[in-house]
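Working notes, beginning with the structure itself.
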Amino acid sequence: MASIQLQCPICGAANSVDPQSTGAMVYCMRCGKPFRRPDSPASYTMPAQQGANGFAIASLVCGIVMCIPVCGPLAIIFGAIGAARAKDGRYRGKVMSLAGLVLGCIACIAWGLIIVTFVKVAPKVANILVSQVELNQIGFACRAYAADNNGAYPPDLGTLARVRNLPPQTFILPGSGTKVPTDLSPDQTAQWINDNADYEYVGKGLTSQSNPRCVVATENASSSRDDKVGVLFLDGHTEVVTLLQLQSDLLVNHAGATSP
C-alpha cells in the first residue's frame, strides 16, 4: 500500500508514513521530534504556523541603531538567539537575525576603533589645551611685569614667578610627570622653575615695543607632540607650530627687530 505524506507540525517537513499506523507516534525525519498522526487525512498537508521572532526583530533594530555603543553587542546577542530559534522552523526571522548579527559586528569593530583612537589622541589633545592655557598665563604675567618695569620683559621664568606670585604648577605640563616641591623658599622656587620648567623662556631683552612676532616662550622640544610645540608671541597670542617653523620665528628675536 502506498505511503501517505504527513507534515511535521514543528518544522514543517514532509514525512512518508504507513497509512495503517493511524494514531501512532511519528518521528520527523528532519528535526527528529515526535508527533501524533492526526486521524483526519485532510490534516496531513496542513502547514505548520511559524511564530514571530522577537529576537530577530530586536537584533535588526539594534544593528541599525549602531550609533549607540551598547546596541552593537545587543545586536549580536539577539541575533544569535533569533537565528537559533529560526533554525528549527518554528519561528520566522532567520534573515533578520543574520542581518542583525552582521550589523552588530560592524558596530563593535567601529566603536573599538573609535575607542582606541580616542585613547591615543586624548592625552595629546589635553596637553595641547593645558599648554595653551599656561602659555596665556605666562603671557599675561609678562605684560603685567613689563608695565611695572618700563616695558622690559623679565629675565627668566623664575623671576616672573617670584614677582607675579605664579605657582610652580603654571610652568609644568600635567603629563610630564614632574613633581613640584612644596618646601622651597621663594628664591629656591624661582631657581627650581628655571631648571625644571616645561617651557623655554626666550623673552629676555624684549620690551613691549619689540616686534609683535617675537617669541616670548615655547614648550621644550622634549615636550613636542609629532614635532609640534606651543609658542607664546609678544602680542599675547599662542600657536601650535612645527619645530621647523619655530626656528623661523626665533629669527625675529635674533634680529632684534622692533615694531615699525
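A Förster distance of 41 Å, applied to the separation of the beta-carbon atoms of ASN196 and PHE118, puts the FRET efficiency at 0.85.
Treating the beta-carbon of each Lys and Arg as +1 and of each Asp and Glu as -1, no other charges, what is the dipole magnitude of the chain about its Cα centre, to the nearest 20 debye?
Result for the chain is approximately 1840 debye, rounded to the nearest 20.
For the peptides 211-220, 129-138, 27-36, residues were scored by their other Cβ atoms within 10 Å and the scores averaged per peptide; the highest-first order is 211-220, 129-138, 27-36. Once the Cβ-Cβ distance of VAL17 and ALA110 is raised to the sixth power relative to R0 = 45 Å, the FRET efficiency obtained is 0.30. Go through [x] 63; [y] 60; [z] 35 and flag the label whose value is the computed percent of Cα pairs over 29 Å apart for this structure. Of the listed options [x] 63; [y] 60; [z] 35, [y] comes from this structure. For the chain, the list of Cys residues with no other Cys C-beta under 4.7 Å reads CYS67, CYS105, CYS108, CYS142, CYS214.
Taking 0.36 nm per intervening residue step and subtracting the Cα-Cα distance, what contour gain separates ASP156 from ARG143 on full extension?
Extra length from ASP156 to ARG143 when fully extended: 3.3 nm.
What's the center-to-center distance, using Cα atoms, between the range 155-227 and the range 63-97 in Å? Result: 58 Å between the Cα centres.
Each of the peptides 5-12, 179-186 was scored by the mean count of other Cβ atoms within 10 Å over its residues; in descending order, highest first, they stand as 5-12, 179-186.
Taken one residue at a time, the phi angles of the range 94-111 give Karplus couplings (6.51, -1.76, 1.60, θ = phi - 60°) of 5, 5, 4, 4, 5, 5, x, 4, 5, 5, x, 5, 4, 5, 5, 5, 4, 5 Hz. Gly and Pro are set to x.
Please enumerate, by chain and number, the lysines with C-alpha under 22 Å from the C-alpha of LYS124, excluding those fewer than 8 residues away in the same chain. Partners found: LYS179, LYS228. Excluding same-chain neighbours fewer than eight residues apart, the lysines reachable from LYS87 by a Cα-Cα span under 27 Å are LYS33.
Here, each number is a calculation from the coordinates, and none is a lab measurement. Please read these numbers as outputs of a predicted model, since none were measured by experiment. Counting neighbours? That spans all protein chains shown, and the Cβs are built from the backbone with ideal geometry, glycine included.
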